[in-house]
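> I have a structure I would like to understand better, so I am pasting it below and will then ask my questions one at a time.
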Amino acid sequence: MELKLTRPLVFIDLETTGVDVSQDRIVQIAVLKVFPDGKEERKKFLLNPTVPIPQAASNVHKIYDQDVKQAPTFVDIAANLAQYINDSDFAGFNSNKFDIPLLMAEFSRAGIDFNLEGRKFIDVLTIFHKMEPRTLKAAYKLYCGKELIGAHDAENDIFATYEVLKAQLLRYQNVAYEDKEGNISYPVSNNLDTLASFTPFNLIDPTNKIILDDQGRAIFNFGQYKGQVILDVFSKKPGYYHWMMEADFSIFTKRIIKQIWESIKKD
C-alpha cells in the first residue's frame, strides 16, 4: 500500500548509548524519507557519541567504541541532517517517546533550534498497542478465541488467566524466542522453572528502582546515579540516602537501601 502524503514522511531510528533521552547520545541514525510520489531515499550515519559506549548498549546494537573512533560526531552532520528533514513529518517505532526527543536533544546540544511545530508524528508502536491492547480481555480473545464475559470480576478474571496460560503453552510450544543479545531459546513450555525465568520478578525491589548487576551488587536503575553501585554512592554521597528515605519511593526500595545504609554504618 502506498502512503497518502502531502509532504515527505521521514522514518527515524536511533541506536544510542542508553535510554535516557536527555543524557544519552546517538551512535547510529537511519533515515528513510518517503515522498508523496512514492519515491524513497535512505541515509545512515555511524556517529562518534564523544562519550564511551556502555557495554550493555553495545550488547544490544553491536556497535563498540572502536567502531566509532574515526566516525563523525553528531555536530558534524547536524546542519545537513536538519536541512534534509526540515520539510517532513516524522514516523518511527516508539519514536514519540524516544527517538524524536533524543534527536531534538542532540540538535539542541549542536546549537540547532529545530522547530517541530506544525508537523505530524506517527508512532507505529502506539498504533500497535492501541489496536492490539495488552489486556486480559484482548489476550482471552486472541489465545482462546472467546469473549471474556464479566471482565474485572476477580473470579472471572482468574479463570480466564488460567485458560490463557494453557493456550499460550499450546501456541508457543517449540516456538523460538530471540533475546536482545541474539540468544535463541524455547522458553514457553510446560515447566514452571522455565516460565518463571522467562517472566522474572525483581524480588529485592518489584518497582525496579533497584536491580542487581552481573556481579550481584545492588545498583540504581534510575536518576543521576543509574547503573552505579548503591554502596559506593552512599559511601560518597550520604545525603542521597537521606533524600531517598524522605522522598516518595516504595517500601521495597526504602527497605533495601536501608539495609545497604546499615551495612555501611557497621563498617
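> Is it the case, given these coordinates, that residue 97 is within 25 Å of residue 33 (Cα to Cα), part of a helix (DSSP H, G or I), modelled with pLDDT under 95 and charged (D, E, K, R)?
Considered against the rule, which asks whether it is within 25 Å of residue 33 (Cα to Cα), part of a helix (DSSP H, G or I), modelled with pLDDT under 95 and charged (D, E, K, R), residue 97 comes out as yes.
> If you take the residues of the stretch 141-170 that are basic (Lys, Arg) and out of contact with any helix residue (DSSP H, G or I) (no Cβ under 8 Å at 6 or more places or on another chain), which of them is surrounded by the most Cβ atoms within 10 Å (Cβ to Cβ)? Break it down stepwise before answering.
Of the residues in the stretch 141-170, the ones basic (Lys, Arg) are 141, 146, 166.
The next check asks that each one be out of contact with any helix residue (DSSP H, G or I) (no Cβ under 8 Å at 6 or more places or on another chain); those that pass are 141, 166.
Values: 141: 15, 166: 13.
The qualifying residue surrounded by the most Cβ atoms within 10 Å (Cβ to Cβ) is 141.
> Sticking with this one: Please name all residue pairs, on different chains or six or more residues apart, with Cβ atoms under 9 Å, provided the first residue is in the stretch 240-267 and is farther than 16 Å from residue 221 by Cα and not assigned by TED's automatic domain parsing to the domain that holds residue 224 and the second residue is at pLDDT below 90 and of a type in the set (Phe, Trp, Tyr).
Correct list of pairs: empty, since none qualify.
> Okay, moving on. Test residue 260 against the stated conditions and say whether it is more than 25 Å from residue 138 (Cβ to Cβ) and β-branched (Val, Ile, Thr).
Criteria met by residue 260.
> Got a number for residues in the stretch 204-222 being within 21 Å of residue 56 (Cβ to Cβ), of a type outside the set (Lys, Arg) and either touching a residue at least 24 places away in the same chain (Cβ under 8 Å) or touching a Phe, Trp or Tyr at 6+ places or on another chain (Cβ under 9 Å) (or both)?
8
> Look at the stretch 23-45 and say how many of its residues are within 23 Å of residue 105 (Cβ to Cβ) and either crowded, with 16+ Cβ neighbours inside 10 Å or in contact with a Leu (Cβ under 7 Å, 6 or more places away or on another chain) (or both).
Number of matching residues: 10.
This table checks each residue for (1) within 30 Å of residue 182 (Cα to Cα); (2) of a type in the set (D, E, K, R); (3) free of Cβ contacts under 8 Å to residues at least 60 places away in the same chain; (4) not in a loop (DSSP other than H, G, I, E, B).
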position	(1), (2), (3), (4)
4	no, yes, yes, no
15	yes, yes, yes, yes
28	yes, no, yes, yes
45	yes, no, yes, yes
59	yes, no, no, yes
90	yes, no, no, yes
114	no, no, yes, no
117	no, yes, yes, no
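> Another question, if that's okay. Return the only residue of 179, 123 being within 30 Å of residue 79 (Cβ to Cβ) and either outside the structural domain of residue 86 (by TED's automatic domain parsing) or surrounded by 15 or more Cβ atoms within 10 Å (Cβ to Cβ) (or both). Walk me through how you get there before you give the answer.
Numbers: 179 fails: within 30 Å of residue 79 (Cβ to Cβ).
Result: 123 is the single residue among 179, 123 that is within 30 Å of residue 79 (Cβ to Cβ) and either outside the structural domain of residue 86 (by TED's automatic domain parsing) or surrounded by 15 or more Cβ atoms within 10 Å (Cβ to Cβ) (or both).
> Is at least one residue of the stretch 79-94 of a type in the set (Val, Ile, Thr) and farther than 29 Å from residue 1 by Cα? Write out each step before concluding.
Within the stretch 79-94, the first condition is being of a type in the set (Val, Ile, Thr), and the residues that meet it are 85.
Within this subset, residues satisfying the condition of being farther than 29 Å from residue 1 by Cα are none.
No, that holds for no residue.
> Could you say whether any residue in the stretch 186-197 is outside the structural domain of residue 97 (by TED's automatic domain parsing), out of contact with any strand residue (DSSP E or B) (no Cβ under 7 Å at 6 or more places or on another chain), on the phi > 0 side of the Ramachandran plot and part of a loop (DSSP other than H, G, I, E, B)?
The answer is no, given that none of the residues of the stretch 186-197 is outside the structural domain of residue 97 (by TED's automatic domain parsing), out of contact with any strand residue (DSSP E or B) (no Cβ under 7 Å at 6 or more places or on another chain), on the phi > 0 side of the Ramachandran plot and part of a loop (DSSP other than H, G, I, E, B).
> Here is a follow-up. Name, by its number, the condition in (1) in a helix (DSSP H, G or I); (2) free of Cβ contacts under 8 Å to residues at least 40 places away in the same chain; (3) in contact with a Phe, Trp or Tyr (Cβ under 7 Å, 6 or more places away or on another chain); (4) farther than 22 Å from residue 223 by Cβ that does not hold for residue 75.
Single failed check for residue 75: (3).
> May I pose another question? For the stretch 182-200, name all the residues that are over 24 Å from residue 225 (Cβ atoms) and exposed (fewer than 10 other Cβ atoms within 10 Å of the Cβ).
Result: 182, 183, 184, 192, 193, 199.
The values are calculated or read from the model by the stated rules, or taken from the named source; none is laboratory data. Everything numeric in this text was worked out from a predicted model, so none of it was measured. Note that we place each Cβ from the backbone using ideal geometry, even for glycine, and neighbour counts take in every protein chain shown.
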